[in-house]
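Comments concern the structure below.
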Amino acid sequence: MYQKDTIAAIATGMSNGGIGIIRISGQEALDVAERVFYPKGAGKSIRELPGYSALFGEIRDGKTVVDEAVCLVMLAPNSYTTENVVELQCHGGIVLLQKVLELVLRSGARAAEPGEFTKRAFLGGRIDITQAEAVMDLISAKNELAVRSSVGQLKGNLSRQIKDLRSMLLQALAYIESALDDPENYSLDGYSGQLQMQTERAVEQIDKLLQTAEEGKMIREGIRTVILGKPNVGKSSLLNQMLGEERAIVTEVAGTTRDTLEEAATIQGIPLTIIDTAGIHDTVDIVEKIGVDKAKNSIRNADLILYVVDGARPLDKDDEQIMSLLNQQKVIIIINKIDQAQVVDKLWITNQISAPVVELSAKTGEGIHALKKCLTDMFFHGTLSVNDQVYITNLRHKQALTEARESLTRVLEGIQQKMPEDFLTIDLTAAYEQLGYMLGEALGDDLADAIFSKFCMGK
Ligand SMILES: Nc1nc2c(ncn2[C@@H]2O[C@H](COP(=O)(O)OP(=O)(O)OP(=O)(O)O)[C@@H](O)[C@H]2O)c(=O)[nH]1
Ligand SMILES: [Mg+2]
């Protein structure tokens, strides 16, 4: 189970930097460090340091000086892992760091598994599993919003809500048990009405959290936005306009874009992954055909489709074909080229698909702000306040919440059917446990291993 041996890893990124850190954690962290680190100045020893202090010195392999380093000591339980931790801050070259790590491993430490430091923080009780997962999200965050949402979770915002829900369930359970044990002092008369109210409120709260799951995914990964349309309508121009740079090739030749092209962008704080595609039409050209198939396939994983039509050209059967592909996704219809004389029949399009229409010019940039506004209205209900809002960004959390919700629904059904209270406690307990599972209680070893192994080395 809980390995008490001493572990070590390179804690900084795998690129050359100004400094690089070797982190050592475990009961023997100080012993291991003493075998490789020699403080400068007579009579100094890292063993005599109070926690959170440092010494300057040399890393030595026998008599050979490997590097100069600062040795930072954090004593249990006040450290990242809750164990004794020593960080050797060396110069940042990768080869050098690997050499120091190798030396540390030869001196009594074991190479840490990915995520093992954070796992120890969890096993040491310093953080719960939602916070550990937040660390992981933070490391892999691709945008500012994802960072802020993970920091919120790291601070315990999600855990707090789950703990509140659980404490309500626990009180209900305790009351029912007391009443069953001691009917003279606790009465269950009229209690089911109160329980029903509380359970309904809990379901409501869980629903609110679950509703954030979709937004949570988009915060993490960016809204997958696919630009779709016939050849030459201005898809690549729109991508460039949204990115503010000439990323994709734009020419007057139909069929310029042959492959899909993916770029990350942030529009008014909303992270997007924008995918430009080949113009969809009937073609016999094999290269083009592959591009068209790719474009069609990209619809499947899209959170949003920007369906672009050329306002200066009448619609045709290719447009009909494209529209027939759009039935499930969120769509914004974009009428492009408004700087030219307009012939397109807007009403006809909105009769085919119900979606907001934005008119713009991808060439001049006119109308782009309307598209941005449309985006913010469509997602995140027009506002984005990640700071205080808790988002469910994790599939495991979503599953646990869904299960807890199901159990609570059964409690409500039981109340409706006037089941005796001790029956209700079965599902109340189940909901309590499912929510506990979110916080990492009763987490099987396998699951803990699976969660932590997704971490990177040194964390
Ligand atoms: N006047 C005008 N021309 C535009 C506008 N947007 C794009 N164009 C022009 O239309 C032509 C095609 O633009 P692209 O952005 O390459 O179109 P596309 O949809 O990516 O085309 P394919 O990659 O071939 O499918 C280019 O000559 C653009 O300069 C616009 O808003 N107004
Ligand atoms: Mg193009």
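The values are calculated or read from the model by the stated rules, or taken from the named source; none is laboratory data. What you see is a predicted model; the values in this text were computed from it and never measured. We place every Cβ from the backbone using ideal geometry, glycine too, and count neighbours over all the protein chains shown.
Among residues of the range 59-74 that are touching a residue at least 12 places away in the same chain (Cβ under 8 Å), those with a Cβ under 8 angstrom from a residue that is basic (Lys, Arg) and part of a strand (DSSP E or B), sequence gap 6+ or separate chain, pair up as VAL66/ARG60.
Using beta carbons and a limit of 7 Å, which pairs, at least six apart or on different chains, have the first residue in the range 266-288 and touching a residue at least 60 places away in the same chain (Cβ under 8 Å) and the second one within 13 Å of ligand 1 (Cβ to nearest atom)? Close Cβ pairs (under 7 Å, with a partner that is within 13 Å of ligand 1 (Cβ to nearest atom)) amount to ILE267/MET242.
Report the residue count in the range 232-246 for those that are free of Cβ contacts under 8 Å to residues at least 40 places away in the same chain and surrounded by 19 or more Cβ atoms within 10 Å (Cβ to Cβ).
From the range 232-246, those free of Cβ contacts under 8 Å to residues at least 40 places away in the same chain are 239, 243-246; that's our starting set.
Among the residues that remain, those that are also surrounded by 19 or more Cβ atoms within 10 Å (Cβ to Cβ) are: 239.
The total comes to 1.
For the range 128-164, taking the residues that are at pLDDT 85 or above and more than 17 Å from THR212 (Cα to Cα), the one that is surrounded by the fewest Cβ atoms within 10 Å (Cβ to Cβ) is identified as ASP164. If the condition is being under 20 Å from VAL331 (Cα atoms), in a loop (DSSP other than H, G, I, E, B) and either modelled with pLDDT under 90 or not assigned by TED's automatic domain parsing to the domain that holds GLN340 (or both), then the range 221-261 contributes only GLY222.
With the condition kept exactly as written, say whether any residue in the range 61-78 is basic (Lys, Arg) and surrounded by fewer than 13 Cβ atoms within 10 Å (Cβ to Cβ). Within the range 61-78, one or more residues are basic (Lys, Arg) and surrounded by fewer than 13 Cβ atoms within 10 Å (Cβ to Cβ). Might you check whether a residue that is modelled with pLDDT of 90 or more, in a loop (DSSP other than H, G, I, E, B), charged (D, E, K, R) and touching a strand residue (DSSP E or B) at 6+ places or on another chain (Cβ under 6 Å) occurs anywhere in the range 316-327? No. Taken over the range 262-301, residues that are closer than 20 Å to LEU325 by Cα and assigned to a strand (DSSP E or B) amount to 3. Taking LYS418, is it farther than 29 Å from PRO183 by Cα and assigned by TED's automatic domain parsing to the domain that holds GLY190? Against the criterion (farther than 29 Å from PRO183 by Cα and assigned by TED's automatic domain parsing to the domain that holds GLY190), LYS418 does not qualify.
Taken over the range 165-218, the criterion of being surrounded by 14 or more Cβ atoms within 10 Å (Cβ to Cβ) and among the basic types (Lys, Arg) is satisfied by ARG166, LYS217.
Residues of the range 247-295 that are aliphatic (A, V, I, L, M) and either away from ligand 2 (no atom under 13 Å from the Cβ) or surrounded by fewer than 17 Cβ atoms within 10 Å (Cβ to Cβ) (or both): ILE249, VAL253, ALA254, ALA264, ALA265, ILE267, ILE270, LEU272, VAL284, ILE286, VAL287, ILE290. Sub-7 Å Cβ pairs linking a first residue in the range 77-100 that is more than 14 Å from ILE21 (Cα to Cα) to a second residue that is among the aliphatic types (A, V, I, L, M) and surrounded by fewer than 19 Cβ atoms within 10 Å (Cβ to Cβ), at least 6 apart or interchain, are THR82/ALA76; GLU83/ALA76; ASN84/LEU75; ASN84/ALA76, ordered by first then second residue. Here the condition is being part of a helix (DSSP H, G or I) and either assigned by TED's automatic domain parsing to the domain that holds GLY93 or surrounded by 13 or more Cβ atoms within 10 Å (Cβ to Cβ) (or both); of ARG35, ARG23, it holds for ARG35 alone.
Among the residues of the range 328-345, is there at least one that is over 17 Å from ILE368 (Cβ atoms), touching a residue at least 60 places away in the same chain (Cβ under 8 Å) and buried (at least 17 other Cβ atoms within 10 Å of the Cβ)? No: the range 328-345 contains no residue that is over 17 Å from ILE368 (Cβ atoms), touching a residue at least 60 places away in the same chain (Cβ under 8 Å) and buried (at least 17 other Cβ atoms within 10 Å of the Cβ). The helices (runs of 4 or more DSSP H) found wholly in the range 107-185 and carrying at least 2 residues that are over 21 Å from ILE219 (Cα atoms) occupy 116-123, 157-181.
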